[in-house]
Amino acid sequence: MTPAARLQAAIEILDQVLAGEPAEKALTSWGRRSRFAGSKDRAAVRDHVFDAVRCLRSHAALGGSRSGRGLILGALREAGQDPDEFFTGQGHAPAPLTDAERVQPPAPVGPEALDVPAWLWPEFSASLGDQAEAAALALRRRAPVHLRVNTARGTVEQAVKALAGEGIQTVAHLAAATALEVTEGARKLRNAKPYQNGLVELQDAASQAVTDRLPLKDGMKVLDYCAGGGGKSLAMAARASLQSFAHDADPRRMKDLPERAARAGARVSLVSTSDLDRSGPFDLVLCDVPCSGSGSWRRAPEGKWRLTAEGLADLQRLQGEILRKAAGLVAPDGVLAYATCSMLDGENSAQVQRFIEESPDWQLEGQHGWQVQDGTDGFYVAMLTRAKRGC
């Protein structure tokens, strides 16, 4: 495919995304219809699509319309490229620019230029303070690829060497002792032996840092309450000899966890909602709750534009419910850990404070946050224990 044909493919896919189709589904459907497209073509089209969605608001402003064509036109203008070189109408290229499209709109400013929804900017900026602009700009860029070295399978040094042997170059990441950042060869990872044999797992460095802060000890009984795919369950299991349990309100999210655990050499028991009480109490319960995902919008940029004020309020209510339910599963001297991949105070410190006000028998032991402009996803974790009562 020519560069112009790749742009036209991205335009068509983006129109589907703007109509409500998930980007991954739209890309998969296009790939099945486009057997002529090679691996480099598919990678280029994918990059065009996700770059446009990350920068949807500013690129739509620069391109003059919130459409696939407008987004690609805006992307070219931001990059300083001449749209007429690609919008030629020849072969499979986009049709030539209309007279209206040739009129370049004024450059976007403020939240529009930063690609933050207008309704969210007040909370976003209040939560991040003088770092709000830096965080918003970081969310406009592609996320780095991070790996977690499974120390049950080998050392960090062994992982670096094994990956290099497969053409994958990495550097250590300061956020976590087991974290590596891929600097070259990321697309080779799925077929690489260190990945297939469980020496490394895909996991953001801040996500690893969250589990590093958990007070894990051999013999503890731990529950990953909102396990999802189980990444944190596996990270905890690699740190200590634990009785590990994983639960999710939708068990289908955990369908790959047994296979991943076997590959990693870990033992994690899946527990249904109806069996939670019988399986507990637990020395530690981790609640990595459903959230806005604002800390991971580089990886899942559609979430930034599909989130609404009402949806955020619903998420915060759900987070409170999960905290209350999970608290009842913690042993008397145990720890309740609350985590999100969000940078919004309403989902983080304010949510924890509301819980403590409603449940005065709990107290905050410590909290920490990570932000995207520092080279990781945005994450938050708080540790809670039952308050000690005097005699």
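A short reminder: the numbers here are calculations on the coordinates, not readings from a lab. Keep in mind it's a predicted model, so treat the numbers as computed, not measured. Neighbour counts run over all protein chains shown; Cβ positions are idealised from the backbone, glycine included.
Using the scaling law 2.2 N^0.38 Å as the reference, what is the normalised Cα Rg of region 63-117?
Numbers: Rg = 12.0 Å, N = 55, 2.2 N^0.38 = 10.1 Å.
Normalised Rg, Cα atoms only: 1.19.
With 10 Å bins from zero, work out the P(r) of region 148-219 over every alpha carbon pair and list the percent per bin.
Per 10 Å bin, starting at 0, the Cα pair percentages come out as 21, 54, 21, 4.
Please report the orientation-averaged projected area of region 34-131, defined via the convex hull of its C-alpha atoms, in nm². Before the final figure, lay out each step's value.
Details: hull surface 32.3 nm².
With every direction weighted equally, the projected area is 8.1 nm².
Report the antiparallel proportion of the DSSP beta bridges in the chain as a percent, rounded to a multiple of 5. Don't jump to the answer; show the numbers that get you there.
Numbers: 24 of 40 bridges.
Counting only bridges with both partners in the chain, antiparallel ones make up about 60 percent.
How large is ³J(HN,Hα), in whole Hz, for each residue of region 352-360 in order, when computed from phi with the Karplus curve 6.51 cos²θ - 1.76 cosθ + 1.60 and θ = phi - 60°, using x for Gly and Pro?
Result, rounded to whole Hz: 5, 4, 4, 4, 5, 5, 7, 10, x.
Going by Cα centres, region 243-314 and region 64-94 are how many Å apart?
40 Å
Tell me the relative contact order for the chain as a rounded percent, counting alpha carbon contacts under 8 Å between residues six or more apart. Please report the intermediate quantities before stating the final value.
On the way: 704 pairs, mean separation 48.6, N = 391.
Once normalised by length, the contact order is 12 percent.
So for region 124-275, averaging the separation of alpha carbon pairs under 8 Å that are six or more residues apart and normalising by length, what relative contact order in percent results?
Values: 247 pairs, mean separation 30.1, N = 152.
Relative contact order here is 20 percent.
Residues with amide H under 5 Å of LEU270's amide H, sequence separation 5 or more or different chain, H placed in the peptide plane at 1.01 Å from N; which?
HN-HN under 5 Å from LEU270: ALA246.
Restricting to DSSP loop positions (anything but H, G, I, E, B) with no more than 15 other Cβ atoms inside 10 Å of their own Cβ, which trypsin sites (Lys or Arg not before Pro) remain in region 307-390?
Values: sites: ARG317, ARG324, LYS325, ARG354, ARG386, LYS388, ARG389; in loops: LYS388, ARG389.
Loop-located and lightly packed - LYS388, ARG389.
If you average 1/r over all unlike Cα pairs in region 206-386 and invert the result, what Kirkwood radius do you get in angstrom? Numbers along the way, then the final one.
Working: mean 1/r = 0.0608 Å⁻¹.
One over the average 1/r among Cα pairs gives 16.5 Å for region 206-386.
Jot down the per residue volume, in cubic angstrom and as a whole number, of the convex hull over the alpha-carbon atoms of region 305-368. Don't skip to the end; give the middle numbers.
Values: hull volume 5.9 nm³, N = 64.
Spread over its residues, the Cα hull of region 305-368 gives 92 Å³ apiece.
Rounded to two decimal places and with Rh computed the Kirkwood way over Cα pairs, what is Rg over Rh for the chain? List each step's numbers first, then the result.
On the way: Rg = 22.9 Å, Rh = 22.7 Å.
When Rh is taken as the Kirkwood radius, the ratio is 1.01.
How many angstrom lie between the Cα centre of region 172-206 and the Cα centre of region 345-372?
Spelled out, the Cα-based centre of one part sits 31 Å from the other.
For region 213-228, in order, what is each residue's ³J(HN,Hα) by Karplus, 6.51 cos²θ - 1.76 cosθ + 1.60 with θ = phi - 60°, in whole Hz (x at glycine and Pro)?
Running phi through 6.51 cos²θ - 1.76 cosθ + 1.60 with θ = phi - 60° gives 7, 6, x, 8, 9, 3, x, 5, 9, 10, 10, 8, 6, 10, 5, x Hz.
So what's the angle, to the nearest 10 degrees on a 0 to 90 scale, between helix 156-165 and the longest Cα principal axis of the chain?
In the chain, helix 156-165 runs at an angle near 30 degrees to the longest axis.
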